[in-house]
Amino acid sequence: MAQKKYRNRLQLKITVYFILLAILIINSVGWFLYYRAKHYFDVELGKKLVGISQSGADFMDAELLTYLKPGDEEGTFYQSLLHTLNILKNDFHVTRIYVIDNYFKVLVDTRPNSAIGSIIPHLQSNLVELNMALDGKAVYSILYRGYNGNLYKSAFFPVENRAGKVVAIACVDASPGFLQVIDKIRGSILFINLISFVFAILLAIFLARSIVNPIKRLVNAALRVSRGDFSRSVELSTKNEIGFLGQVFNDMQKNIKINEEKLRKLMQLAEAEAASIKNYNDYILQSIANGILTLDLDGNITVLNPEAARILRLNSSKSVGKNCQAVFTADHPLYPFLKQSHKKIPKSDFMEKSLNFGDSPITVGIQISPLLDSEQHVIGSNWVFTDLTELRKLQEKIKAKERMAYLGELSAAVAHEIRNPLNSIELYIGLMKRQLSSKPEQIQAIDKIQQEIQALNSIVTDFLIFARPPQLNYQSVILSDLLQETLMLAENEIRQKNIHVQMNFSENTIILKGDYNQLKQALLNLILNAVQSMQPGGVLSIKASHVQGKERPVRVRIQVTDTGKGIPEKNIEKIFEPFYSTRNQGTGLGLSIVHNIIRAHSGTIFVESEADKGTTVTFELPKEMEK
């Protein structure tokens, strides 16, 4: 009876402890993630709303706001401002955008039928934030629950006049629907905790039995031995400490022969384990994403994993065991650095180098550290190589996208503000032309004014084309037809400079999916840029071919090459930036528009140029529309 009570008590303790530990871990992790996610979404939404309210404030004329009074709802300024706020509201999917005066009364409100001077009831709960906005600070409220039970959040941004005085407050209300997911997550966490509790109970019972049952066998065997019964050994299937205890118990009943057999088996097991560890280390070297090169003190290569062989353009099987100076020939881009560094006692250091193998340069991070033996003596050096090429390209793309996004917003705002007065000027010029029809000398002057207005309007159009994301109308495009039509549009410029055009297609008919007009615009910009960069008698070469990638579908590659003066290397990264131009004429948006069109087609574009020899612009487009 005492044995049964001891056994049950041990099993019960193990079960309870395991369940409590599992519940503690699961609940702690679940609720920690829940509150962190809720706090993060709260702060990020507040920042976003402040940014939207600031955007609304930037569109407002603070001086004119002070003149709004009840009854001006149908006025031009009120309607224009309301239209702008509605655009912001729709673009950012917020519930409401409105402007209030210093007495917290409505000046402009996107909510229908909201009159000037009306009072918004829920602002009474945000008086602290509103007073901070009157002090010139951009603030957002804490989450609050509306009358409909949904969560809401508001942001307030001060609208200042030219003297720096706050004359109004731009307000944004939003219902963070995605925060409702947090409530669902909380319910999911409770459900998961319940399921985990059930599984924890089952697993604890199984674990307790797997521990207690072998102990029961050991206790019964001990009782048999105490009675002098050595005929049976303890049979335990477990391989943990209890299994080891049973093995020791059985060893007391075995003879020397059995002990010798055991030693032989242990030796085989140790050898297998050593071989397994060696194979495991080999698997790590084969699979690791970094290149590993190990040299001894004489400069002999002892380790060269596949990634290092790929980065350094070496053959692993032919390089291991040889001296590094025999493997890295003088024309290898790493040779000068390796020759200088491998004989020195290495210190832990990291550097970044560009390796040019002729086809394309790659950026490599190199970490050098000493190789130590068990007594901390230096026996060689470890070289860890990391291919940073794609990372650097991605960083450059991100920077370029950030610049393009900012300049796009700026261009759209400037172009919009310029086009409105231009249209008015052109309208009044037309009226003046009809009124002065009897005075030819004045009509001629007016015609010149109209031409300049049209030229300026064309520049504004370029701004808008650049600022607005291209809306693509996909269709099957025969590349030869597209190029012929584009060359016809540029025929006048080509003929004036006597440019020779060469076309080279890998196939007679190359067809891809894309927007015909947008691609034509991109090609026309590239061809005109090439023609303008060349002296009379230059050669314009256009090549087209299919490209098959390893991990992507077939793409169409188009190359436009000129024999112009080329682009300085320091300026190549800038040519796709808006407003950048090396010519006195033009807006500097041509190549930016080309970049936007190619990117909208999920394509890539890059430039190669050599001074006084010419420039090649290469872009690749998916043959089929990518989803």
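The values are calculated or read from the model by the stated rules, or taken from the named source; none is laboratory data. No experiment lies behind these values; they were computed from the predicted model shown. No Cβ is skipped: glycine too gets one built from the backbone with ideal geometry, and neighbour counts run over all protein chains shown. Remember, those area values only see protein heavy atoms, side chains included, never the ligands or the DNA or RNA. Shrake-Rupley method; radii C 1.70, N 1.55, O 1.52, S 1.80 Å.
Is it true that residue 279 is out of contact with any Asp or Glu (no Cβ under 7 Å at 6 or more places or on another chain) and either more than 24 Å from residue 354 (Cα to Cα) or hydrophobic (A, V, I, L, M, F, W, C) (or both)? It is true that residue 279 is out of contact with any Asp or Glu (no Cβ under 7 Å at 6 or more places or on another chain) and either more than 24 Å from residue 354 (Cα to Cα) or hydrophobic (A, V, I, L, M, F, W, C) (or both). Tell me, yes or no, whether region 74-87 has at least one residue that is farther than 17 Å from residue 170 by Cβ and open to solvent by less than 70 Å² (accessible area, probe 1.4 Å). Taking every residue of region 74-87 in turn, at least one turns out to be farther than 17 Å from residue 170 by Cβ and open to solvent by less than 70 Å² (accessible area, probe 1.4 Å). Is it the case that region 152-162 has a residue that's within 13 Å of residue 53 (Cα to Cα), small (Gly, Ala, Ser), modelled with pLDDT of 90 or more and over 30 Å from the mean Cα position of the chain (by Cα)? No - not one qualifying residue is present in region 152-162. Identify all residues within region 367-386 that are touching a residue at least 24 places away in the same chain (Cβ under 8 Å), over 15 Å from residue 296 (Cα atoms) and in contact with an Asp or Glu (Cβ under 8 Å, 6 or more places away or on another chain); write none if there are none. 385, the sole residue that qualifies.
Would you confirm whether any residue within region 408-424 is out of contact with any strand residue (DSSP E or B) (no Cβ under 9 Å at 6 or more places or on another chain), at pLDDT 70 or above and within 30 Å of residue 294 (Cα to Cα)? No, region 408-424 contains no residue that is out of contact with any strand residue (DSSP E or B) (no Cβ under 9 Å at 6 or more places or on another chain), at pLDDT 70 or above and within 30 Å of residue 294 (Cα to Cα). For region 575-583, the criterion of being under 22 Å from residue 399 (Cβ atoms), out of contact with any Leu (no Cβ under 7 Å at 6 or more places or on another chain), at pLDDT 85 or above and assigned to a loop (DSSP other than H, G, I, E, B) is satisfied by no residue at all.
In the set (1) among the aliphatic types (A, V, I, L, M); (2) closer than 30 Å to residue 94 by Cβ; (3) modelled with pLDDT of 80 or more; (4) not in a strand (DSSP E or B), the condition left unmet by residue 189 is number (3). If you go through region 58-73 and keep only what is over 10 Å from residue 107 (Cα atoms), open to solvent by 40 Å² or more (accessible area, probe 1.4 Å) and under 45 Å from the mean Cα position of the chain (by Cα), you end up with 58, 59, 61, 63, 64. Scan 116, 52 and give me the residue that is at pLDDT 85 or above, open to solvent by less than 20 Å² (accessible area, probe 1.4 Å) and outside any helix (DSSP H, G or I). Exactly one residue qualifies, and that residue is 116. Among residues that are assigned to a loop (DSSP other than H, G, I, E, B), modelled with pLDDT of 70 or more and not aromatic (Phe, Trp, Tyr), residue 444 is not included.
Of all the criteria given as (1) at pLDDT 80 or above; (2) outside any loop (DSSP other than H, G, I, E, B); (3) open to solvent by 70 Å² or more (accessible area, probe 1.4 Å), the one not satisfied by residue 376 is (2).
What pairs come up if the first residue lies in region 287-305 and is on the phi > 0 side of the Ramachandran plot, the second is hydrophobic (A, V, I, L, M, F, W, C), and their beta carbons are under 9 Å apart, counting only those six or more places apart or on different chains? Close Cβ pairs (under 9 Å, with a partner that is hydrophobic (A, V, I, L, M, F, W, C)) amount to 299/324; 299/338.
Scanning region 289-313 for residues that are open to solvent by 60 Å² or more (accessible area, probe 1.4 Å) and under 17 Å from residue 368 (Cα atoms) gives 289, 297, 298, 302. For region 305-336, the set of residues classified as among the charged types (D, E, K, R) and assigned to a loop (DSSP other than H, G, I, E, B) consists of 313, 322, 331, listed by residue number.
Checking each residue in region 502-559 for being among the acidic types (Asp, Glu) and either at pLDDT 85 or above or under 19 Å from residue 606 (Cα atoms) (or both) picks out only 515.
Comparison of 570, 565, 623 shows that the only residue that is exposed (fewer than 15 other Cβ atoms within 10 Å of the Cβ) and either of a type in the set (D, E, K, R) or modelled with pLDDT of 80 or more (or both) is 570. Examine region 89-112 for a residue that is part of a helix (DSSP H, G or I), within 14 Å of residue 157 (Cα to Cα) and touching a residue at least 24 places away in the same chain (Cβ under 8 Å), and state whether such a residue exists. No, that holds for no residue.
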